[in-house]
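One structure below.
Values quoted throughout were computed directly from the atomic coordinates according to the rules given, and no laboratory measurement underlies them. What you see is a predicted model, and the numbers here were worked out from it, not measured in a lab. Cβ coordinates were reconstructed from backbone atoms using ideal geometry, including for glycine residues, and neighbour counts include every protein chain displayed.
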Amino acid sequence: MNDSALPLNKTILHQHHLDAGAKMVAYAGFEMPVSYAGLIQEHNSVRNACGMFDVSHMGEFRVKGPEAIELIQWISSNDAGKLQAGKVQYSCMPNGSGGIVDDLLIYCISEVDFMLVVNASNREKDWNWIASQNRWNASVSDESDNWSLIAVQGPHALAYLQPLSASSGLDEMEYYTFREDAIVGKSAFISSTGYTGAGGFEIYLPNEHAGAVWEALLKAGVEPCGLGARDTLRMEAGFCLYGNDIDDSTSPLAAGLGWIVKFNKDFVDGKRLAKEKEQGSPLLLRGFVLEERGIPRQGYEIESPSGQVIGHITSGTQSPTLGYGIAMGYIQQEFAALNSSVKIRIRKNAVAARVTRPGFLAK
């Protein structure tokens with residue numbers, strides 16, 4: 001049977017989205033809200049105040065046992081050995097042939113208990129890959145169907161979330177840490193992470209608690225937001241999206257993820273990536289700012305000033321915050337110098353653009 005013919009999964013919050021009038025779309029095997037009041041309003045709410053997303057489609061794997069860290073160190077590019085209880089780490093899983101199985105978050109619950117948060121579209125692939133690599137005394141279980149995940153994002157997220165929390169001090173949480181807590185009396189992990197570049201928290205909940213927490217946040221005045229705004233927000237922040245900017249054919253070094261590739265340990269593709277670091281990647285992920293009117297889209301060609309095709313766009317949009325076109329894409333190394341001029345082919349027009357680092361908002 002064709003995957004497109006399979007019935008779509010629904011998160012526990014599905015009916016809440018319908019009740020709120022959300023426009024629903026198919027995404028990663030789920031029926032998910034793409035917008036409620038509209039992408040621009042939702043984007044601006046998160047960037048300037050606070051909004052929330054149902055991201056319960058994400059996958060959660062639990063890795064436990066006396067050699068859990070050995071397995072995680074082997075399959076992940078970052079140095080998970082630095083993690084202590086309550087810490088979170090962004091990493092990726094190299095695929096053994098120079099590409100990326102998935103990018104993920106690693107939560108250290110204890111020295112023998114970790115949670116891996118993976119992309120929904122890669123859940124089965126990730127599970128099979130980890131199982132194929134597990135030669136240690138470590139058990140791996142898929143808890144994805146047990147968890148709901150609500151991302152409360154924006155500069156005012158603390159003001160909305162703290163009154164609903166059982167304990168004080170959310171403002172003291174460092175970036176990429178988490179703790180056990182309760183929201184409106186419901187047990188949860190609260191994590192100071194997110195995918196928007198606007199700050200905020202992510203709340204991991206047993207499914208039975210998700211509806212009460214979602215409704216409490218709605219009642220408090222938090223704007224519900226869909227996948228459309230989530231995508232424009234992450235693009236403005238320069239965050240890679242698996243399937244667009246990184247995949248099984250892209251190197252983490254080429255994708256600008258060298259900061260999560262640590263060569264002080266042995267891991268899948270470690271030798272291959274060390275050689276690539278020494279020689280340089282032929283293609284590099286860069287940001288692009290349009291200097292003329294136009295909206296760059298995935299798949300559009302990048303050209304040199306003389307009209308030679310030198311790369312392609314992997315993510316692009318009209319930035320709601322900045323008011324002009326921004327994009328991310330791979331470009332040949334010799335043309336990738338920052339602030340150099342290129343052109344992006346938008347239909348029949350070659351639109352002038354400037355090469356930047358991914359991440360388009362003022363620091």
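Residue-wise HN-Hα couplings along the stretch 346-363, as the Karplus relation 6.51 cos²θ - 1.76 cosθ + 1.60 with θ = phi - 60° gives them from phi, are 10, 6, 8, 9, 9, 9, 5, 8, 10, 7, 9, 7, x, x, 10, 8, 4, 6 Hz; Gly and Pro carry x.
What is the chain's relative contact order, in percent, from Cα pairs under 8 angstrom and six or more apart in sequence?
17
Using alpha-carbon positions, what is the distance between the centroids of the stretch 171-203 and the stretch 12-55, in Å? The two parts, judged by their Cα centres, are 19 Å apart.
Annotation: amide H-H contacts under 5 Å for TYR195 (H modelled 1.01 Å from N, sequence separation of 5 or more, or interchain): none.
Among the GluC sites (Glu not before Pro) found in the stretch 140-209, those both in a DSSP coil and sparsely packed, with 15 or fewer other Cβ atoms within 10 Å of their Cβ, are GLU143, GLU174.
Beta carbons within 10 angstrom, averaged per residue: use that to sort the peptides 152-165, 13-26, highest first.
Result, highest mean Cβ count within 10 Å first: 152-165, 13-26.
For the chain, a crude dipole built from +1 on the beta carbon of Lys and Arg and -1 on the beta carbon of Asp and Glu, taken about the Cα centre, is about 1080 debye to the nearest 20. Less than 5 angstrom separates the built amide H of ALA20 from none of the residues sequence-distant by 5 or more or on a different chain. Based on Cα contacts under 8 Å between residues 6+ apart, the stretch 276-363 shows a relative contact order of 36 percent.
Among residues other than SER144 with Cβ under 9 Å from its Cβ, the summed charge is -3 (Lys and Arg +1, Asp and Glu -1). Close amide H contacts of THR11 (hydrogens built in the peptide plane, cut-off under 5 Å, sequence separation of 5 or more or a different chain): GLU31. Shape of the stretch 67-144 from its Cα gyration tensor (a ≥ b ≥ c, root eigenvalues): rounded if a/c is under 1.5, otherwise prolate when a/b > b/c, or oblate? Since a/c stays below 1.5, the shape of the stretch 67-144 is classed as rounded. Ratio of Rg to Rh for the chain: 0.97 [Cα atoms; Kirkwood radius as inverse mean 1/r over pairs].
Dividing the summed -39500 (n - 2.57) terms of all DSSP H runs of n ≥ 4 by the residue count of the chain sets its mean residue ellipticity at 222 nm at -6000 deg cm²/dmol.
For the stretch 282-356, the residue among ILE326, LEU283, SER304 whose Cα projects farthest onto the positive side of the dipole built from Cβ charges is ILE326.
Computed from phi, the 3J(HN,Hα) profile of the stretch 169-184 under the Karplus parametrisation 6.51, -1.76, 1.60 (θ = phi - 60°) reads x, 4, 5, 8, 6, 6, 4, 6, 10, 8, 7, 7, 7, 9, 10, 6 Hz, with x in place of Gly and Pro.
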